[in-house]
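Undergrad: Following this message is one structure expressed as structure tokens.
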Amino acid sequence: MTVPVLAALLVSATALAQTPPASTSSPTPPATTPSGSTSQSGAPLAEPKLRTDADIQREIDARVEAAKKELREEMRAQAATAAATAPTPSFDVEATTHRKLDLIEPHGYFRVRPELFQKFDLDQPPDRSGYRLFPRPDDNGHTIAGVNMRFRFEPTLNISEEVRIKSQIDMLDDLVWGSTPQYAYIRQNRIDLGITNTTQVPPVPGVNSTQSNLAVKRVWGEVATPLGLLRFGRMGDQFGLGIVHNDGNCLDCDYGVTVDRFQFVAEPLPGFFIVPTLDFDIEGLVSGGTISPGQPYDVTQSDDAHTFGIVIARKDTDQKARVKLDAGGTIVNYGLYFQYRSQRNEYNQNGTTFTQEDPYQTLQTEFRFLDGALKIGGELGVASGDSAPGFGNKPNRPTNQTFQTLKPVGAQWGDYEGAQYGKRFCSPTSNNTCIDLDIRNFRFNQDYRIDMILWREIIGGITDALYVRLPASYNFNDNISVFGAMIYSKALKPSSTPSGTSTQLGFEVDAGVRYQTDDGFYAQFSYGVLFPFAGLQNNYLNSYFATPIGPGVAQAIRCQLGIRF
């Protein structure tokens, strides 16, 4: 009952204030203010309240502090956006900004990937050295299926607003489900058959796995100085799209380039970065023993390899890029990455013994339609090739081509893979030997992926090739999207292909759907089919077949379930 009464009183008071009193006598002069001024209606103006100097100063201080706070928040938002969306930590805008301090910032993801590969060997026989294009199950099947997982933890320890320590830790990295059963590696009196196994055990290197269940991959420090950002430690390395330098931080990546580096990030002009780097690539022999304590040291400098590099780049933050795109503008980011690496002597500390169970530059643009929901792109990529047999992604794969005195021995004609240099017969039909001293094939980083089958799995990386890729995607809303791509691929050197005569490799179609939520959950399903061309047909006759066999169609299904944080 109180509210209606107050409302009525307010309405009444307003009406009384706006309605002039009825005139009962002759007009009287309007009342004047001390300064003699009146309102248009003749009513006297309210006497102004006098403000002291202290009141004025407090108002100025409050407005200045509000402007400072707004500017700080805007700078923090831009820095956070740039750090979260930048393709490379080299362009970290935190070098010139401060951010809100949290002692520990936990980041990372957990992923599970069910996969099915069908006929990745393309029905092709083993090459002359006994290797297939892709491992064939039990040497007679065509389907490989399984599930793998990874938990990646990337915490940041903030010492202050200017000093922090970052790290990357992988747990059960790409562990294949069911690959570490208890019965197979630990003595169990109650279990004698695999079908009776009841539990999995942690991976132990050299016992039931080739890698540990816990791997600290990267730890580095960052210090924001008035001149820029100093970074030092073991960190990821990425530049641009990740064609060569790829840190492997995407949700579907498996490799990643890690470097031991000193790096300084300077931004002399807004959006322009200068980044000098010093990498310690190889130190060779060190003094540390298996059980000896103390600090190990490099025992010789003659086998060391170091890299001096510099990055000069122009890059928009994601926020600025979005503003330009919304206004109908164009985004052009560019950069130069120069590196010089030297090494005097090579210490052969790794063996080269393999068994026959061995599992074996770009232009890009994008157009957006329907308010950015539909994206259609185009990509042309070229990687230089070498005329030696094989693609060159596995240069350490041995060949059964042997010579009594000529070493090193290169891949022979008809090998799918092998060294791109060394001694070999001059031609497939010649008995004369030639020496190859050049390595001319350029290899894209394995985490730079354009398809699901040919380059990602069968060949194992883009090299000696030209490809055209036409991707497209459509976002129904913030949660559901569909995507796809068509990829045409050809080799640059016919001698590198299984055919030895044709450069035409194949045409692939990939498509999928993705679902994600605001709290970090995502799920994805994708399907791919490869239609191989004549370049993937093995034309080198050997003991495994009498006549060439046409390559078969390959298919793949890949799913992902994950949680990002």
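Undergrad: Residue 244 - would you say it is among the β-branched types (Val, Ile, Thr), part of a loop (DSSP other than H, G, I, E, B) and either at pLDDT 95 or above or surrounded by 18 or more Cβ atoms within 10 Å (Cβ to Cβ) (or both)?
TA: In short, yes.
Undergrad: When only residues in region 513-524 that are in a strand (DSSP E or B) and over 19 Å from the mean Cα position of the chain (by Cα) count, which is surrounded by the fewest Cβ atoms within 10 Å (Cβ to Cβ)? Explain how you work it out, then say what you get.
TA: Step one: filter region 513-524 for residues in a strand (DSSP E or B), giving 513-516, 521-524.
Filter once more, keeping what is over 19 Å from the mean Cα position of the chain (by Cα): 513, 515.
On the way: 513: 15, 515: 12.
Result: 515.
Undergrad: So, residue 154, is that one out of contact with any Cys (no Cβ under 7 Å at 6 or more places or on another chain), over 16 Å from residue 248 (Cβ atoms) and acidic (Asp, Glu) or not?
TA: no
Undergrad: Let me ask something else. For residues in region 413-426 being in a strand (DSSP E or B) and of a type outside the set (D, E, K, R), which is surrounded by the most Cβ atoms within 10 Å (Cβ to Cβ)?
TA: It comes out as 422.
Undergrad: Read through the list (1) within 31 Å of the chain's Cα centre (by Cα); (2) of a type in the set (Val, Ile, Thr); (3) in a loop (DSSP other than H, G, I, E, B), then give the number of the only condition that residue 429 fails.
TA: (1)
Undergrad: Same structure again: For residue 300, all conditions in the list (1) among the β-branched types (Val, Ile, Thr); (2) out of contact with any Phe, Trp or Tyr (no Cβ under 7 Å at 6 or more places or on another chain); (3) under 25 Å from residue 237 (Cβ atoms) hold save one; what is the number of the exception?
TA: (3)
Undergrad: Would you confirm whether any residue within region 72-95 is more than 30 Å from residue 177 (Cα to Cα), open to solvent by 70 Å² or more (accessible area, probe 1.4 Å) and either at pLDDT below 55 or part of a loop (DSSP other than H, G, I, E, B) (or both)?
TA: yes
Undergrad: Any idea which of 402, 429 is surrounded by fewer than 18 Cβ atoms within 10 Å (Cβ to Cβ), out of contact with any Gly (no Cβ under 6 Å at 6 or more places or on another chain), within 18 Å of residue 130 (Cα to Cα) and β-branched (Val, Ile, Thr)?
TA: When all the criteria are applied, what remains is 402.
Undergrad: Which condition number in (1) modelled with pLDDT of 85 or more; (2) on the phi > 0 side of the Ramachandran plot is the one that residue 177 fails?
TA: (2)
Undergrad: Among (1) under 21 Å from the mean Cα position of the chain (by Cα); (2) open to solvent by 30 Å² or more (accessible area, probe 1.4 Å); (3) modelled with pLDDT under 95, which single condition is residue 289 missing?
TA: (1)
Undergrad: For residue 385, are the conditions met, namely being touching an Asp or Glu at 6+ places or on another chain (Cβ under 8 Å), assigned to a loop (DSSP other than H, G, I, E, B) and farther than 21 Å from residue 242 by Cα?
TA: Values: touching an Asp or Glu at 6+ places or on another chain (Cβ under 8 Å): yes; assigned to a loop (DSSP other than H, G, I, E, B): yes; farther than 21 Å from residue 242 by Cα: no.
Considered against the rule, which asks whether it is touching an Asp or Glu at 6+ places or on another chain (Cβ under 8 Å), assigned to a loop (DSSP other than H, G, I, E, B) and farther than 21 Å from residue 242 by Cα, residue 385 comes out as no.
Undergrad: If you don't mind, another one. Do you know which residues across region 481-512 are within 21 Å of residue 251 (Cα to Cα) and open to solvent by 60 Å² or more (accessible area, probe 1.4 Å)?
TA: Hit for region 481-512 is 483, nothing else.
Undergrad: Here's another thing I want to ask about it. Run residue 377 past the list (1) part of a strand (DSSP E or B); (2) at pLDDT 85 or above; (3) open to solvent by 50 Å² or more (accessible area, probe 1.4 Å) and report the number of the one that doesn't hold.
TA: Here residue 377 meets the rest and fails (3).
Undergrad: Would you check which residues across region 432-475 are part of a loop (DSSP other than H, G, I, E, B), of a type in the set (A, V, I, L, M) and open to solvent by less than 30 Å² (accessible area, probe 1.4 Å) and list them?
TA: 450, 452, 453, 459, 462
The values are calculated or read from the model by the stated rules, or taken from the named source; none is laboratory data. All values derive from a computational prediction rather than experimental measurement. Reconstructed Cβ throughout: ideal geometry from the backbone, glycine too, with neighbour counts over all protein chains shown. Ligands, DNA and RNA are excluded from the accessible area calculation, which covers all protein heavy atoms including side chains. Shrake-Rupley method; radii C 1.70, N 1.55, O 1.52, S 1.80 Å.
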